[in-house]
Amino acid sequence: MSKKLGSTSILVAIAIFISSCGTLSRTQEDSPKAPPNIDFPDASKSGTKIEEGIASWYGPKFNGKLTANGEEYDMHQFTAAHRTLPFNSIIKVRNLDNGEDVLVRINDRGPFAKNRIIDLSKKAAQEINMIGTGTARVALMIMGHDLQSSRTDNLKVPTYTVQLASFQKRSKAFQHSRKVQGARVETVTLGDKKLYRVYYGTFVDKNKARQKAQELNNRGFNGYVKQIQN
């Protein structure tokens, strides 16, 4: 009886561990990349309003861990997580409950909680006095960025694709893409390097993207699901 209970306890512990790993998507890396040298625009400018909703903030539990764009999260900087906005976009966040504003740079993905539109760093949350409440009604204004070239259809909904391969030579990328009907090649610039990546499909349902990735894997095309970055 005790042996059976012990096995059950182990299974429960494993399930809890797996579940918690699913919620903590920001992980630690040995060598995170340095934040870019970006000047914030004049805070008195109005910007272009893009969203209204609930903001939250994240702090010590994630401090020092890797953000979605490869930087180390520093809760003492003016940064934020958004589901789809281009990395390094500068956003004015206005607390609609008290009228206070803060400028933040997008360097992470989230929030993961439903009905929230942005996750602020602790520093940014302090600036608009929402530390105590934990959340606040906010308006988001994008500062000096053209969203007409956005690769996503809806800023509130993440868009996914299946990455099949990445090449340094353009010809090899197109050669590989021709093996999968419907695949496409996109040019990606990383620092001073150009890469040619082969993608398949666009999906707003991550599970459907995973199903397609599995179908392609069964056909011998190994790929993985990734969020399309603007």
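Using 0.36 nm per residue and subtracting the Cα-Cα separation, the extra length available between Val157 and Ile54 on full extension is 35.5 nm. Beyond 15 Å, the tail of the calculated P(r) for the range 63-108 holds 45 percent of the Cα pairs. Electrostatic tally near Ser46: other residues with Cβ closer than 13 Å to its Cβ, Lys and Arg +1, Asp and Glu -1, net +2. Surface exposure of the range 46-136, expressed per residue as accessible area with a 1.4 Å probe, stands at 41 Å².
Sorted by packing (mean other beta-carbon atoms within 10 Å per residue), highest first, where do 89-98, 60-69 land?
Details: 89-98: 19.4, 60-69: 16.0.
Descending mean neighbour count gives 89-98, 60-69.
For Asp97 and Ala113, the difference between the fully extended length at 0.36 nm per residue and the C-alpha to C-alpha distance is 3.7 nm.
Longer than 27 Å from Cα to Cα, which of Lys122/Lys208; Lys61/Lys92; Lys65/Lys114; Lys92/Lys193 are they? Say none if no pair is. Flagged as over cut-off: Lys122/Lys208; Lys92/Lys193.
What FRET efficiency, computed as 1/(1 + (r/R0)^6) with R0 = 25 Å and r the Cβ-Cβ distance, is obtained for Asp192 and His76, rounded to the nearest 0.05? Once rounded, the FRET efficiency stands at 0.25. Compactness of the range 76-230, taken as the C-alpha radius of gyration over 2.2 N^0.38 Å, stands at 1.25.
Distance between the modelled labels on Ser166 and Ala34, one decimal in nanometres: 2.1 nm (7 Å Cα→Cβ projection).
The values are calculated or read from the model by the stated rules, or taken from the named source; none is laboratory data. Computed from a predicted structure; not experimentally measured. Glycine gets a Cβ as well: all are built from the backbone with ideal geometry, and neighbour counts include every protein chain shown. Note: accessible area is taken over every heavy atom of the protein model, side chains too, but ligands, DNA and RNA are not part of it. Shrake-Rupley method; radii C 1.70, N 1.55, O 1.52, S 1.80 Å.
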